[in-house]
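Participant: Here it is, the structure in full.
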């Protein structure tokens, strides 16, 4: 995927969908994908999205013509998408993260409290 074909679209209305985004941008070029980014937990729009065109020229034309235009009652910001940066310290979803390899249970090394093998 060539990032020159991809645009960042900010300032979206909460009600804007992938389909309305695609329709709006298809007036200036061949849209290959349109995605409104939503919160993974609530499912609500985060107010931005990405639109990908078949050529860099179409993407540039769309950015020039549609930046500042109104979509679903809001003026949108359109710019070239930057490559996604790798995230550091993203411990999402795991919970209970521990650095040691102890997976819980008895921490006495497999022995009962009398120092014997525990069998």
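The values are calculated or read from the model by the stated rules, or taken from the named source; none is laboratory data. Everything quoted here is computed from the prediction, not taken from an experiment. Methodologically, a virtual Cβ is constructed for each residue, glycine included, from the backbone with ideal geometry; neighbour enumeration extends over all protein chains shown.
Participant: I'd like to verify a number: residues in the range 61-101 that are at pLDDT below 65 and touching a helix residue (DSSP H, G or I) at 6+ places or on another chain (Cβ under 9 Å), how many?
Facilitator: Result for the range 61-101: 0.
Participant: Only residues that are within 14 Å of residue 25 (Cβ to Cβ), in contact (Cβ under 8 Å) with a residue 12 or more places away in the chain, out of contact with any strand residue (DSSP E or B) (no Cβ under 6 Å at 6 or more places or on another chain) and assigned to a strand (DSSP E or B): list them for the range 58-79, please.
Facilitator: Residue satisfying the conditions is 71 alone.
Participant: Could you grab me the full set of residues in the range 18-46 that are surrounded by fewer than 16 Cβ atoms within 10 Å (Cβ to Cβ) and part of a loop (DSSP other than H, G, I, E, B)?
Facilitator: Within the range 18-46, 26, 27, 30, 39, 40, 41, 42, 43, 44 meet the criteria.
Participant: When the range 26-57 is examined, which residues are found to be more than 16 Å from residue 16 (Cα to Cα) and free of Cβ contacts under 8 Å to residues at least 40 places away in the same chain?
Facilitator: 27, 28, 29, 30, 31, 32, 40, 41, 57
Participant: Can you list residue pairs whose Cβ atoms sit under 7 Å apart, with the first residue in the range 1-16 being on the phi > 0 side of the Ramachandran plot and the second being in a loop (DSSP other than H, G, I, E, B) and at pLDDT 95 or above? Count only pairs 6 or more apart in sequence or on different chains.
Facilitator: From residues that are on the phi > 0 side of the Ramachandran plot, the pairs are 11/76.
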